[in-house]
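Here's the structure, in structure tokens; my notes come after.
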Amino acid sequence: MSEAWPKGVFPARLIEKLHEQGAIRADRAFDADQVQPASLDLRLGKTAFRVRSSFLPGPSHSVAERIEALKLHEIDLSKGAVLERGCVYLVPLEERLDLPEGVSASANPKSSTGRLDVFTRVIGDRARGFDQLPSGYSGPLYLEISPRTFPILVRTGSRLSQMRFRGGDSRLSIGEHQALHASDVLVIGGEQPVDNGVALSIDLVGQGRDGLIGFRSKRHTAVVDVDKKAALDVLDFWEPLYARGRSELILDPDEFYILVSLEAVHVPPTHAAEMVPFDPLVGEFRVHYAGFFDPGFGHSAAGGTGSRAVLEVRSREVPFLLGHGQIIGRLIYENLAEAPDRLYGSDLGSNYQAQTLKLSKHFKPFSA
């Protein structure tokens, strides 16, 4: 493991190489589609632990030690089990890491997970932070799961989170963002400047969608099976929202919304991107759970012309008024460590290429 690994976000071939060399280990062989263009899906193990609270183990404890002190009961996932909304669960993952020096990892919920308002975070032993595994980390991985809106049915092998691997610091500078936008056009539409990333604003007009601007989740719904596609009727779980001549939306506290960016997003094949909150000072709302954008998202050659960023939005303490075109998030671009051998798109069966406003893959198509 003394090999010098390249700087940048690792595309699929390097993730597979990490696995071949033992830096990523698993209880069984990878699923055929588990390695994505620049990330690895993580699979739930056999047992979920219902715990009293979220936690970080800190430098003196393993996650298993903390679970033992906080667990309420154990749940067998081998045949499937329902995780209730408002509860906190810890699940050992099938993958574990033995990272070489110079290679770090970070995690985010998968797009479909975020669009269900399922809060997930990866934890490692002796971690001081969530979703971050430092260079050289060796140990197991656990997923904290807290469904916020819908109860979910999961089982061993379900994939709720994804992991990205990096060599060194791969984020672009302000000048590099501007140069990449000049050569490859990172966003289309909107009027936001490109500096330390690409600002994304909110579409509250719904042009081309008969005024449909988003969805607000319903309460007291049935269970969502996270492994079944196009199985659920939208109106059983969501209330459609329409502009009705207005270009504003008041977010109700503790309600969950699916909205969409005004800009179309482009991630060139040479780069990856991650959405981060724009600025917590601009409003009392939380934007996005799922932040990874793989190379090829929105790329015309990969069938992605016109792809928008779907935004998972929740107001914090008070009602908050959003206006059309208001900045709501930022995309930070990163260099890839090498040219990718696959791109996000229809050839991989990617669920959200060329999307506009779209719910998670679990729901049947909806016509405005």
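Pick out the one residue from 159, 209, 216 that is outside the structural domain of residue 271 (by the TED database) and of a type outside the set (S, T, N, Q).
Working: 209 fails: outside the structural domain of residue 271 (by the TED database); 216 fails: outside the structural domain of residue 271 (by the TED database).
Unique residue meeting the criteria: 159.
Please count how many residues of the range 48-77 are out of contact with any Lys or Arg (no Cβ under 6 Å at 6 or more places or on another chain) and part of a helix (DSSP H, G or I).
Count: 7.
Keeping to the range 35-83, report how many residues are under 26 Å from residue 137 (Cα atoms), of a type in the set (Asp, Glu) and surrounded by fewer than 15 Cβ atoms within 10 Å (Cβ to Cβ). Final tally of qualifying residues: 2. Within the range 257-296, if we keep just the residues that are in a loop (DSSP other than H, G, I, E, B) and modelled with pLDDT under 90, the residue that is most open to solvent (accessible area, probe 1.4 Å) turns out to be 284.
The values are calculated or read from the model by the stated rules, or taken from the named source; none is laboratory data. Every value quoted in this text rests on a predicted model; they were computed, and no experiment measured them. Ideal geometry is used to build each Cβ from the backbone, glycine not excepted, and the neighbour counts take in all protein chains shown. Surface accessibility is based on the protein's heavy atoms, side chains included, excluding ligands, DNA and RNA. Shrake-Rupley method; radii C 1.70, N 1.55, O 1.52, S 1.80 Å.
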